[in-house]
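The values are calculated or read from the model by the stated rules, or taken from the named source; none is laboratory data. Owing to the predicted nature of the structure, the values given are computational and were not obtained by experimental measurement. Using ideal geometry, Cβ is built from the backbone for each residue, glycine included, and neighbour counts are taken over all protein chains shown.
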Ligand SMILES: [Zn+2]
């Protein structure tokens, strides 16, 4: 076992010292040994002097683990007459883990691209939730892939600060979720952890709940790029194709590149730059103007784990 006394939390108070001094007077037990036998852990490893003078009953106990609450026959190390044995604080070997699970992430099938664009034109800006659009699972799983390990590390750090007691940790950031779900791009995701940590024998047991939230906005379906081709049922793409030449005239020149010919005019067109507002109206045959709408989500999760309190010993 890799252990040095320097790592053990050691509290030497007057009472302990007095007791050690009495033991020294009574049995000649060196004072520091006695103090070390005070109890930084609930269990200890019995250590003998490993020489020919160790009584056989104690030699059998070498390396065995005992509880301070349950002394073996004859007492704890150093308590029996002339016993030179010592108690080494016991820090168990554990398999560290932190598990993060999420719930409330339904399985219903999600909006397709048309649904998002359709809502832009017909939803009058009404906000939608992740569960309404049916993409909770994809988004949450992508977020956990992206940030799950970092969140575990942060909660482990908070638990080390707390040792035994309440643990809380909160976070918020903007994440690029492009490519996970159509219409979800740079997205704000935040959350908080609230739980407890208990330290026993150098091991922290952590438990608690997580709440997450997401904020995004579906602002401009045609700004997203190629996905607009998926919006076949509408006349939007068609209209814009027709609008382009007039946009070119309005701007005064048509560039050479695809960007200059298509992307930039589209962008200007849709953003109503360059005074093209009337063109938009004129060529929007369906008469629909899009309205940006918020996409929000909330979900929760659980976290539990067991880690070494000593960060040098821990993978977290
Ligand atoms: Zn002994």
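Out of segment 85-103, which residues are assigned to a loop (DSSP other than H, G, I, E, B) and crowded, with 20+ Cβ neighbours inside 10 Å?
Kept after step one, since they are assigned to a loop (DSSP other than H, G, I, E, B), are these residues of segment 85-103: 85, 90-96.
Within segment 85-103, 85, 90, 91 meet the criteria.
Results for (1) modelled with pLDDT of 95 or more; (2) near the ligand (Cβ under 8 Å from one of its atoms), shown as yes or no for each residue.
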{"position": "48", "(1), (2)": "yes, yes"}
{"position": "59", "(1), (2)": "yes, no"}
{"position": "62", "(1), (2)": "yes, no"}
{"position": "65", "(1), (2)": "no, no"}
{"position": "68", "(1), (2)": "no, no"}
{"position": "71", "(1), (2)": "no, no"}
{"position": "78", "(1), (2)": "no, yes"}
{"position": "86", "(1), (2)": "no, no"}
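Reported count of residues in segment 215-240, each being at pLDDT 75 or above and assigned to a loop (DSSP other than H, G, I, E, B), is 1. Kindly evaluate residue 290 against the criterion of being closer than 30 Å to residue 124 by Cβ, crowded, with 19+ Cβ neighbours inside 10 Å and modelled with pLDDT under 90. In short, yes.
Just so you know, in segment 41-54 the residues that are out of contact with any helix residue (DSSP H, G or I) (no Cβ under 9 Å at 6 or more places or on another chain) and buried (at least 16 other Cβ atoms within 10 Å of the Cβ) include one that is nearest to residue 202 (Cα to Cα), and it is 41.
A quick yes/no check of all residues on (1) crowded, with 20+ Cβ neighbours inside 10 Å; (2) in a strand (DSSP E or B); (3) touching a residue at least 12 places away in the same chain (Cβ under 8 Å):
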site: 132; (1), (2), (3): no, no, no
site: 151; (1), (2), (3): yes, no, yes
site: 191; (1), (2), (3): yes, yes, yes
site: 197; (1), (2), (3): yes, yes, yes
site: 213; (1), (2), (3): no, yes, yes
